[in-house]
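The structure under discussion appears below in the form of structure tokens.
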Amino acid sequence: MIEMIKVGRTYDPDITALSDISFSVETGEMFFLIGRSGAGKTTLLKLICNMETPSNGLIEVAGYNINKLKGKDLAHLRQRIGVAYQDFKLLNDRTVAENIAISMEVSYKKPRAIKNRVRELLDQLQLVDKHDTLTGELSRGEQQRVALARAVANSPRLILVDEPTGNLDASTTKQVMELLTRSNKAGATIVIATHDESIYQQSNHRIMELSNGRISSLTRGGKA
Amino acid sequence: MNFWFAVLRQTGRNLRQTWTSQFMTFLTVSLSVLIFAFFYLIYTNMIGAADRLSDDLRLIVYLEDEPGVEMQKQLRRKITNFDDVEEIHFISKAEAYERFAKQLGNDSDVLADMPKDFLPASIEVVPLKSLRGYSQIKLFSEYLASLPGTEKVQYGQEWVERFYYFTRLLTIVVLLSGTLLILTATFMVAYTIRLTIMGRQAELELLKLVGATNSYIRTPFLIEGLLQGLMGSIIGLSALYGLFQWISSHFAGPGLLNLFHFNFFPPVVIASIILGSICLCSLGSYTSIRKFLRI
């Protein structure tokens with residue numbers, strides 16, 4: 001699903017965020033990206049979804065060189081990638097339901113299907129009572145779950161999640177991980193950037209650690 | 001859900017969120033159309049009136065002596081050498097006397113002591129419809145005045161001249177007001193769309209990230225411009241029609257309006273104004289999209 005070969009990203013005036021990154025993520029895999037703050041996890045996710053372009057190297061997603069895609073082709077690929085951003089990117093003057101629906105609206109899903117899917121996700125994340133609440137009025141933890149719901153709503157082939165449990169308690173973290181696991185079992189490839197050890201230590205998934213913008217280790221979880 | 005449903009819903013959201021600036025733009029467009037159409041309506045009616053008046057236009061060439069048959073032929077040839085004309089009538093002194101007596105009606109007695117040849121003979125020239133421009137008529141009258149045996153040429157010079165300058169002034173007013181109002185309306189629409197784009201950067205960025213196509217993002221802004229043009233022109237023209245009806249009903253009867261037979265725009269002109277307004281507002285919207293919507 002994801003191929004990265006010798007990818008680097010530098011910012012002006014000469015700050016290296018990522019350097020010499022090469023790895024692959026198989027279709028249907030759940031993949032963890034770990035590392036300390038500033039290690040390059042978020043930059044890596046941004047490169048995968050083409051929010052940023054690499055300074056060098058090749059990135060292929062679902063067989064496409066994502067940096068060469070433009071217009072409709074890029075839009076269609078993005079419809080198949082769900083991203084839960086670290087800063088959530090929620091529209092604070094819109095309701096929770098409207099925020100989640102947005103990713104399905106751009107793929108022209110039927111209104112009834114959108115409505116049902118939104119209810120289903122809110123139910124799974126225990127946010128049913130927040131259906132008509134403006135996201136600007138939610139707590140950080142609730143906003144985080146809404147961002148995650150939006151990322152998975154359109155049943156994308158690839159889900160990128162940046163710090164999904166940063167603002168959550170143990171029980172909500174469990175709900176979030178259950179939701180991601182369900183999507184993964186349904187066939188979605190999932191990449192999770194986190195430094196919450198509790199969500200990857202007991203898994204059998206691959207874990208890639210970044211340190212100062214480089215891959216420092218690529219291992220399997222403790223359960224493997 | 002199809003593309004148009006999604007786009008129209010997005011347009012509805014945009015309009016709801018920025019309704020105050022949208023309303024101001026709508027008012028500006030309506031007012032621009034109203035002012036422009038008002039001047040244009042007066043202009044078209046004046047042109048119509050000028051056409052009707054020119055139907056009665058004839059040049060009277062007063063002659064020093066009554067021309068004989070041969071002279072009439074020569075004069076006719078000379079006149080048609082300049083340009084073809086609708087009609088040429090030679091009016092003898094006796095005919096002129098009879099006409100004058102007829103015009104005087106019951107007062108024709110005043111002519112009793114006058115000789116029947118005291119009025120000059122003349123030629124009545126009805127120019128072609130294509131030769132009804134002020135400068136052409138002037139040129140033609142100068143030519144006729146230069147013909148041998150001509151005393152003077154009359155065609156209501158003062159009236160024609162005044163009317164000509166008035167319609168010319170009106171043309172300038174229509175052109176100027178049209179240009180200014182077109183620029184105002186286009187600029188206002190462009191500015192409103194720009195404000196909408198600026199105010200919704202976060203949403204536009206998100207739409208892009210979740211896979212919205214360029215047309216999904218751009219079309220609602222174009223539709224906004226289109227709606228501004230459509231609604232603005234309809235309201236502007238409706239207001240003008242109301243004004244026209246009010247003036248017609250309050251100033252009906254023998255007066256200036258009846259003299260000019262004021263008419264409202266025919267459907268083709270109404271459709272053209274609406275279409276023009278739609279095109280200009282869409283253009284305003286399009287320029288803002290091109291300039292400020294980075295997708």
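The values are calculated or read from the model by the stated rules, or taken from the named source; none is laboratory data. The shown structure was predicted, so the numbers you read here are calculated from the model rather than taken from an experiment. Here Cβ is always computed from backbone atoms with ideal geometry, including for glycine, and neighbour counts include all displayed protein chains. Just the protein is used for accessible areas: all its heavy atoms, side chains included, with ligands, DNA and RNA removed. Shrake-Rupley method; radii C 1.70, N 1.55, O 1.52, S 1.80 Å.
Overview of values
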quantity	calculated
Degrees between helix B:267-292 axis and first principal axis of chain B (Cα, 0 to 90, nearest 10)	40 degrees
Segments B:205-218, B:112-125 sorted - mean Cβ within 10 Å per residue, highest first	B:205-218, B:112-125
Straight-distance crosslink candidates among aspartates and glutamates, where the alpha carbon sits under 20 Å from A:LYS89 and sequence neighbours closer than 8 are dropped	A:GLU52, A:GLU98, A:GLU105, A:ASP132, A:GLU137, A:GLU142, A:ASP162, A:GLU163, B:GLU203, B:GLU205
Between helix B:69-82 and chain B: long-axis angle, C-alpha atoms, 0 to 90°, nearest 10	20 degrees
Candidate residues A:THR172, B:THR179: accessible-area rank, largest first, probe 1.4 Å	B:THR179, A:THR172
Mean residue ellipticity (222 nm) of chain A, computed from DSSP H runs ≥ 4 via -39,500 (n - 2.57), nearest 500	-10000 deg cm²/dmol
Whole-Å distance, taken between Cα centres, linking region A:2-33 and region B:104-159	97 Å
Mean ellipticity per residue at 222 nm, deg cm²/dmol - from DSSP H runs of n ≥ 4 across chain B, formula -39500 (n - 2.57)	-24500 deg cm²/dmol
10 Å Cβ neighbours from other chains, averaged over peptide B:142-154	0
With all protein chains modelled, accessible area of A:LYS174 [1.4 Å, Å²]	130 Å²
Neighbouring partner chain Cβ atoms per residue of B:198-210, average, 10 Å criterion	5
Debye, to nearest 20: dipole size of the protein assembly as shown, +1 on Lys, Arg Cβ, -1 on Asp, Glu Cβ	2900 debye
Pairs beyond 32 Å (Cα-Cα), from A:LYS115/A:LYS174; A:LYS72/A:LYS130; A:LYS41/B:LYS291; A:LYS70/A:LYS130; A:LYS68/A:LYS130	A:LYS72/A:LYS130; A:LYS41/B:LYS291; A:LYS70/A:LYS130; A:LYS68/A:LYS130
Extension reserve of the B:LEU243-B:ASP109 stretch, reckoned as 0.36 nm per residue once the Cα distance is removed	43.1 nm
Carbon + sulfur, % of accessible area of chain A - ligands and nucleic acids excluded, 1.4 Å	45 percent
Beta bridges per DSSP with both ends in region A:68-201, % antiparallel, nearest 5	10 percent
C-alpha long axis of helix B:157-199 to longest principal axis of chain B, angle in °	0 degrees
Ranked packing of B:222-229, A:10-17, B:81-88, B:233-240, most packed first, by mean Cβ within 10 Å	B:222-229, B:233-240, B:81-88, A:10-17
Label zone at A:LEU218 (point 7 Å along Cα-to-Cβ), backbone N below 13 Å, region A:189-211	A:206-210
Pairwise label distance in nanometres, A:HIS76 with A:HIS131, each label 7 Å out on the Cα-Cβ vector	3.5 nm
Packing-based ranking, highest mean first, of A:95-104, A:28-37 given that Cβ atoms within 10 Å are counted	A:95-104, A:28-37
